[in-house]
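Notes for the one structure printed next.
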Amino acid sequence: TGAVGQTFIRLLNDHPWFSVTSVAASERSAGKPYREAANWLSGAPIPAPVASLEVQRTEPDALDCDFVFSALDSSVAGEIERTFAAAGVPVVSNAKNYRLHEQVPLLIPEVNPEHLALIDAQSWDGSGFVVTNPNCSTTGLICGLHPLMQAFEVEAVQVTMLQALSGAGYPGVPSLDAVGNVIPHISGEEDKLTREPKKILGTVRDGRIDEADLAVSAQCNRVPVRDGHTACVSVRFADAVGPDAVREALQDYRSPLTAEDLPSVPDTFLHVFDEPDAPQPQRHVHAGGGMTVSVGRIQPCPVNDVKFVVLSHNTVRGAAGGAILNAEQLAREGYIRSRTETPASA
């Protein structure tokens, strides 16, 4: 019923592979029709097939589905996701609890699909598994860094995040704190940006991840923007690399996935701007339905080597949309199967 859960519902409406058969939430919402339980935030109406669904208890035996998307608060997600996995239900999670678990893939399908091999090493006393997507800020940063990691040896990254209000959920930041203000602290975010990239960019060996040797220094700020996390990034390379080489590497990079492979893959994975005032959240955050990541302001850096700006949609590419793309990758690889001949249900 929360902001990310609602984004799942919106993005799954008319999905060609998945259909929503059950919704679950806290005890105070259980038993209500979804339309009454959710304070619906989107301008479009609640999809009719979901609006009338009765909200169930968040328990495996209460849900009729092939797998679950988890948009749970981290205070309860750990135990609940473990319970579903132990009951044989695959969990595609947006919560932070298992992101750094050594046997749980921290997945961006365009970047590290080989990490799905970790699933085979998982043991939850059942046949289910857990796959997570990264923190919403990490996702945008990694999408901008990955082509550079492929082309050059990156030694260190400095990033200052300008994070949208929607990243705080609903009701989120009080209006008197948010309007006309910048809050230079978001609990736990800097640690996530420091640790998660090393796992995502690492290598799978013998059922575990050898983390990438990458130093990341992060600062995180909440800013009065509705949607879109902006990352101001500075990169130091092992060899002499300038802005032109970085621009070429980003422009030439092609995602290994296409819309023919997975429905949620955007036509353009990275859009590189040459304009001096781009990317901007208000103008560019919805590119590719929110799944395209935008890069601009590629310049020399007098402290490191090159600096640039990355913009990503935090609740789509960085949350629900990223998790749906993960589920599509899992389905294509045979980890998620429908129990009937109809499309898999969530």
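Taken per residue, the accessible surface of segment 206-261 reaches 54 Å², heavy atoms only and a 1.4 Å probe. The angle separating the long axis of helix 321-332 from the principal Cα axis of greatest extent in the chain is about 70 degrees.
Per-atom-type breakdown for segment 141-237 gives carbon and sulfur 47% of the accessible area (1.4 Å probe, protein chains only). Could you please state how large a percent of the accessible area of segment 16-72 is carbon and sulfur, counting protein chains only and using a 1.4 Å probe? Carbon and sulfur: 48 percent of the exposed surface of segment 16-72.
Translational diffusion of the chain, estimated by Stokes-Einstein from the Kirkwood radius over alpha carbon pairs at 37 °C in a medium of 0.692 mPa s, is 160 µm² per second. Solvent exposure of segment 1-93 amounts to 48 Å² per residue of accessible area, where only protein heavy atoms count and the probe is 1.4 Å. Using only alpha-carbon positions in segment 109-184, the gyration tensor eigenvalues give semi-axes of 32, 23, 8 Å once each is multiplied by 5 and square-rooted (largest first).
Taking the Cα centre of segment 151-305 as reference, the dipole from Cβ charges on Lys and Arg (+1) and Asp and Glu (-1) amounts to some 500 debye. Which one, 249, 132, 147, is farthest towards the positive end of the dipole of the chain when Lys and Arg carry +1 and Asp and Glu -1 on their Cβ? Positive-most Cα among the choices belongs to 132.
Over the residues of the chain, the helix contribution to mean residue ellipticity at 222 nm works out to -7000 deg cm²/dmol, using -39500 (n - 2.57) for each DSSP H run of at least 4.
A simple rule links phi to the HN-Hα coupling: the Karplus curve 6.51 cos²θ - 1.76 cosθ + 1.60 with θ = phi - 60°, which for segment 190-207 gives 5, 5, 4, 5, 7, 9, 4, x, 5, 6, 4, 8, x, 10, 7, 9, 6, x Hz, with x for Gly and Pro. For segment 116-221, relative contact order (Cα pairs under 8 Å, six or more residues apart, normalised by length) works out to 37 percent. For segment 143-262, the calculated P(r), taken from all Cα-Cα distances in 10 Å bins from zero up to the bin holding the longest distance, is 11, 33, 32, 20, 4, 0 percent. For segment 165-206, the Cβ-based charge dipole about the Cα centre amounts to some 220 debye (Lys, Arg positive; Asp, Glu negative; other atoms uncharged).
Assuming charge only on the beta carbon of Lys and Arg (+1) and of Asp and Glu (-1), the dipole of the chain about its Cα centre is about 780 debye to the nearest 20. Per-residue extension of 0.36 nm, minus the Cα-Cα distance of residue 30 and residue 332, leaves a gain of 105.5 nm for this segment. In order along segment 312-320, the phi-based Karplus estimate (6.51 cos²θ - 1.76 cosθ + 1.60, θ = phi - 60°) of 3J(HN,Hα) comes to 9, 7, 6, 8, 9, 4, x, 8, 5 Hz; Gly and Pro are listed as x. Over segment 53-103, the ratio between the Cα radius of gyration and 2.2 N^0.38 Å evaluates to 1.10.
When both segment 197-251 and segment 273-346 are represented by their alpha-carbon centers, they are found 14 Å apart. Of the solvent-accessible surface of segment 266-346, computed with a 1.4 Å probe and all protein chains present, 47% belongs to carbon and sulfur.
Excluding same-chain neighbours fewer than eight residues apart, the lysines reachable from residue 199 by a Cα-Cα span under 25 Å are 96, 307.
With the convex hull drawn over the C-alpha atoms of segment 1-129, the volume per residue is 119 Å³.
The values are calculated or read from the model by the stated rules, or taken from the named source; none is laboratory data. In this text, all values refer to a predicted model and were calculated from it rather than measured experimentally. Neighbour counts are summed over all protein chains in view; Cβ atoms, including those assigned to glycine, are modelled from backbone coordinates with ideal geometry. Remember, those area values only see protein heavy atoms, side chains included, never the ligands or the DNA or RNA. Shrake-Rupley method; radii C 1.70, N 1.55, O 1.52, S 1.80 Å.
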